[in-house]
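The values are calculated or read from the model by the stated rules, or taken from the named source; none is laboratory data. All values derive from a computational prediction rather than experimental measurement. As a convention, Cβ positions derive from the backbone with ideal geometry for all residues, glycine included, and neighbour counts pool all protein chains shown. Note: areas computed on protein heavy atoms with side chains; ligands, DNA, RNA excluded. Shrake-Rupley method; radii C 1.70, N 1.55, O 1.52, S 1.80 Å.
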Amino acid sequence: MNFLRWCLRLAVLGALGTAWVLAGVYLYLSPNLPNVETLRDVRLQTPMRVYSADGALIGQFGEQKRNPLAYDEIPQQFVNALLSAEDDGFFEHRGIDIGGLLRAVSELLITGEKGSGGSTLTMQVARNYFLSLERTFFRKFNEILLAIEIERRLSKQEIFELYVNRIFLGHRAYGFEAASQVYYGKSIGELTLAQHAMLAGVPKSPSTKNPLSGPEDARARRNWILGRMLALEYIDDDAYQQAIATPVTATRHGAAISLDARYAAEMARRQMLQRYGLKAYTEGYSVYTTINGPLQEVANESIVAGLRTYDARHGYRGPEANWLDPERAPELALPLDDWILRLSDLPSLLGLEAAIVFALDDGGAQIAFANGQRDKLPWEGALEKVRPYVTENRRGNTFASATDLLKVGDVIRVERTQEGLWSLAQIPDAQAALVSLDPMDGAIISLVGGIGYDVSKFNRATQAQRQPGSNFKPFLYAAALSVGRTAATVVNDAPIVIEDRSLEGVWRPENDSGKFFGPTRLRWALTKSRNLVSIRLLQDIGIETFIDYATQLGFDTGAFAADLSLALGTHAMTPLDVATAYAILANGGYRVEPYLITRIDNLVGQTVFAASPAVVCDNCEAADGQARGVEDGTAGEADELSMEQILSQGEKNAEPATIYAERVMDERINFIIDSILKDVIKRGTGRKALALGREDIAGKTGTTNGPMDAWFSGYSSSLVTSTWVGFDEYTPLGNREFGGTAALPIWIEFMRVALEGKPERAKNQPEGISYVRIDPETGAMAPSSQRSAIFEFFRNENLPRSNPENFDGNSKDTENLIQDIF
């Protein structure tokens with residue numbers, strides 16, 4: 001009896017002592033506990049997503065992949081799987097599970113190893129949001145106290161939601177929705193029972209026992225969870241048996257990019273980084289761009305097709321590598337298995353598969369792929385017509401046999417023919433870029449910075465500074481019209497020798513054809529891209545006059561060399577710069593600034609930025625007035641609207657004030673230049689574009705010395721597009737390659753689709769222009785009796801006289817005539 005009394009006293013004293021100790025620990029720790037209310041406002045690190053104008057995902061940026069879910073969006077089957085795996089009493093306990101803690105302690109004492117663990121989901125939320133991962137008594141006690149406090153302040157659904165969205169699940173995925181996308185490429189609501197159980201098992205060892213890094217361990221954990229779900233009567237035996245028999249189906253998935261516009265997405269990323277700093281990667285911004293999804297796909301395909309066509313004209317350059325050791329004895333077995341493994345490091349590019357040649361005979365080559373598949377590359381139909389690259393100007397003769405063309409160990413690229421056979425291919429060395437804008441406000445409709453982002457991440461559309469060549473001539477001719485020259489002004493197309501220190505001595509420019517054609521009207525000179533006429537024209541109007549005019553148009557003339565080579569487009573520009581300049585020609589003479597981002601939404605869907613680009617005032621009286629913002633310098637800028645402005649405008653149910661683009665080119669000059677550029681397509685260097693069967697397109701080719709660069713820039717009333725082809729190393733394209741052969745076909749293929757179904761829209765002839773009969777030889781007014789007369793447009797103040805006009809509009813005397821000819 002006394003023994004029992006003493007035991008009771010000891011138990012009471014022990015309980016009191018434990019209570020006092022726990023109370024002391026609580027009083028010591030509680031002042032340092034974080035405020036649980038901050039959980040209500042917790043901001044998960046959510047990546048930035050970039051979308052096309054039609055809502056296709058084109059880019060995702062952020063180190064942590066996170067896709068937050070509301071509790072109502074979580075499938076009940078997954079809720080059951082997670083409860084079975086981590087805390088089946090979650091909806092009953094108050095933050096801690098005494099039984100679970102005691103069980104964990106007993107397992108630790110008996111086995112010496114950490115067993116099932118005693119942390120509830122609430123305790124894990126406390127740990128993940130507030131505490132470090134160090135294993136100490138005080139950290140664990142803090143965890144318990146925080147769990148109790150969290151249960152007092154938040155609902156069970158809120159706690160569960162925090163857990164589901166925060167926990168790390170391997171491969172940079174935070175939260176189960178992100179993990180579902182990483183491992184299965186689907187939303188968590190689309191997964192099967194086996195996949196839900198698999199994900200529910202990942203938190204135990206997220207880095208090493210996820211379904212990619214440790215598939216067998218992950219499957220064992222999955223099956224254990226399915227057994228728990230069966231025991232807890234969440235599933236029946238049939239579902240259990242079917243689920244455990246399911247193989248591991250996880251594969252690595254990136255962000256669900258639905259449109260290849262990665263050059264544009266990278267541009268948006270850089271702009272966001274400039275705007276928001278590193279928060280751009282974590283705040284869950286949704287960035288909406290001007291990119292037109294279907295046309296972007298056409299742009300990608302046009303670039304690839306154009307470069308492959310160019311590449312085919314210049315011959316086969318040889319294998320990408322040869323992996324056969326040259327000192328290897330012939331009788332030794334080939335290391336084919338090793339080669340196949342190495343092929344996995346060479347992804348498919350442009351739809352071309354990497355393969356290794358492991359045997360050759362008269363019938364062709366035996367090839368193997370990264371997946372272990374073996375096949376044949378036949379001589380007939382695949383290899384017999386291949387010709388080798390010799391120089392950019394010459395190909396060699398066809399090969400005599402497969403052994404002359406290929407060697408064992410060659411790493412090559414192949415593609416399927418329409419007949420289903422493999423054919424030899426290669427990734428082009430040349431590069432290209434395409435930029436397409438809406439000329440009415442500068443929106444970037446399509447943009448391709450190279451043959452493929454996987455081949456090269458350098459964005460040639462915005463970063464490559466290349467000489468535009470004759471692509472630049474329309475702006476020189478516009479400058480000439482602005483100082484009194486006309487489309488009928490005659491300039492002598494004859495040899496010219498210039499001594500100029502800035503041009504490093506004597507300069508003898510030539511036309512592309514190497515020929516000279518004598519006196520030539522400016523319309524015909526631009527149509528046929530005559531270099532000598534352009535140089536003499538610049539010499540006549542003056543270099544400073546031209547630079548001033550180019551500055552007025554919006555060109556960055558700071559780097560322009562003040563010499564006559566400007567007439568041939570020798571200053572460097574990007575394809576985006578060129579397309580922006582051609583937008584002036586397309587829209588009637590207004591300067592618009594290219595822009596990519598239309599709006600930015602934050603994580604909760606509020607618009608925090610909206611672009612307000614300067615737009616062309618079509619058929620309104622604000623075209624030349626102060627409403628365009630010329631005086632205050634706002635013309636041409638894409639203004640940012642603050643959140644307060646957007647909300648206040650919404651409350652007032654008012655649209656943002658329109659900013660009108662500034663007119664930088666006289667509309668009559670614009671009309672005349674446009675008519676000449678239409679002639680470039682009808683009868684000049686852009687005749688291939690007649691294949692489009694349209695009367696409303698205009699454009700200009702461009703080819704630089706070498707030739708190093710090939711261009712075509714052209715437009716309709718609704719779209720302006722520039723294409724460029726060249727080598728990054730500034731090596732020649734080949735002496736038979738021009739803007740019309742290398743760049744124009746890309747432009748045609750893109751515009752064929754871009755303009756499909758769009759009505760033709762002719763430019764209205766502005767007031768102050770006359771359509772006059774002239775003598776085609778002299779440019780002078782033609783008498784009514786002249787049968788060879790043609791019509792030409794003139795500004796009324798520059799109507800031709802009845803005699804040939806000089807550069808300055810005066811009659812030529814004999815001395816000047818002789819000087820111009822010789």
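Observations on the structure shown:
- All conditions in (1) closer than 30 Å to Phe727 by Cα; (2) surrounded by 17 or more Cβ atoms within 10 Å (Cβ to Cβ) hold for Ala561, with the sole exception of (2).
- With respect to the stated conditions, Ile496 fails to be closer than 21 Å to Ala742 by Cβ and open to solvent by 10 Å² or more (accessible area, probe 1.4 Å).
- Here Leu278 meets the list (1) at pLDDT below 95; (2) buried (at least 16 other Cβ atoms within 10 Å of the Cβ); (3) not hydroxyl-bearing (Ser, Thr, Tyr) almost entirely, failing just condition (2).
- Test set (1) open to solvent by 40 Å² or more (accessible area, probe 1.4 Å); (2) assigned to a loop (DSSP other than H, G, I, E, B); (3) at pLDDT 95 or above - Tyr288 fails condition number: (2)
- Members of the range 564-587 that are open to solvent by 10 Å² or more (accessible area, probe 1.4 Å) and among the small types (Gly, Ala, Ser): Ser565, Ala572
- Close Cβ contacts (under 9 Å, 6 or more residues apart or on different chains) running from residues in the range 316-337 that are within 26 Å of Glu384 (Cα to Cα) and assigned to a loop (DSSP other than H, G, I, E, B) to residues that are modelled with pLDDT of 90 or more and hydroxyl-bearing (Ser, Thr, Tyr) comprise Arg317/Tyr389; Gly318/Tyr389.
- Beta carbons closer than 6 Å, at least 6 apart along the sequence or on distinct chains, pair a first residue in the range 762-786 that is outside any loop (DSSP other than H, G, I, E, B) with a second that is among the small types (Gly, Ala, Ser) for Arg773/Ala782; Arg773/Ala789; Ile774/Ala488; Ile774/Ala782; Met781/Ser802.
- Counted residues, the range 302-328 - those being within 26 Å of the chain's Cα centre (by Cα) and open to solvent by 70 Å² or more (accessible area, probe 1.4 Å): 1
- Flag if Ser482 is among the polar types (S, T, N, Q), surrounded by 23 or more Cβ atoms within 10 Å (Cβ to Cβ) and closer than 19 Å to Phe546 by Cβ: no
- All positions within the range 525-540 that are touching an Asp or Glu at 6+ places or on another chain (Cβ under 8 Å) and open to solvent by 30 Å² or more (accessible area, probe 1.4 Å): Asp540
- Among residues of the range 580-605 being outside any helix (DSSP H, G or I), of a type in the set (Val, Ile, Thr) and over 19 Å from the mean Cα position of the chain (by Cα), the one that is nearest to Gln45 (Cα to Cα) is Val604.
- Of all residue pairs spaced 6 or more apart or on separate chains, those with beta-carbon atoms under 8 Å, a first member in the range 544-570 that is free of Cβ contacts under 8 Å to residues at least 24 places away in the same chain and a second member that is open to solvent by less than 30 Å² (accessible area, probe 1.4 Å) and assigned to a loop (DSSP other than H, G, I, E, B) are Ile547/Phe560; Ala559/His571; Phe560/His571.
- Considering Ile547, Ile543, the condition of being closer than 17 Å to Tyr477 by Cβ and either in contact with a Ser or Thr (Cβ under 6 Å, 6 or more places away or on another chain) or open to solvent by 50 Å² or more (accessible area, probe 1.4 Å) (or both) is satisfied by Ile547 alone.
- Residue pairs meeting the criteria (Cβ under 9 Å; at least 6 apart or on separate chains; first closer than 22 Å to Ala178 by Cα and open to solvent by 50 Å² or more (accessible area, probe 1.4 Å), in the range 231-254; second of a type in the set (A, V, I, L, M) and part of a loop (DSSP other than H, G, I, E, B)): Thr251/Leu212; Arg252/Leu212
- As for the range 604-623, it holds at least one residue that is more than 28 Å from Lys279 (Cβ to Cβ) and modelled with pLDDT under 50.
- Candidates Asp410, Asp429, filtered to the one that is open to solvent by less than 60 Å² (accessible area, probe 1.4 Å), among the charged types (D, E, K, R) and touching a residue at least 60 places away in the same chain (Cβ under 8 Å): Asp410
- When Gly372, Gly363 are screened for being at pLDDT below 95 and either in contact with a Pro (Cβ under 7 Å, 6 or more places away or on another chain) or buried (at least 21 other Cβ atoms within 10 Å of the Cβ) (or both), only Gly363 passes.
- The lone criterion from (1) outside any helix (DSSP H, G or I); (2) free of Cβ contacts under 8 Å to residues at least 40 places away in the same chain; (3) open to solvent by 20 Å² or more (accessible area, probe 1.4 Å) left unmet by Phe458 is number (2).
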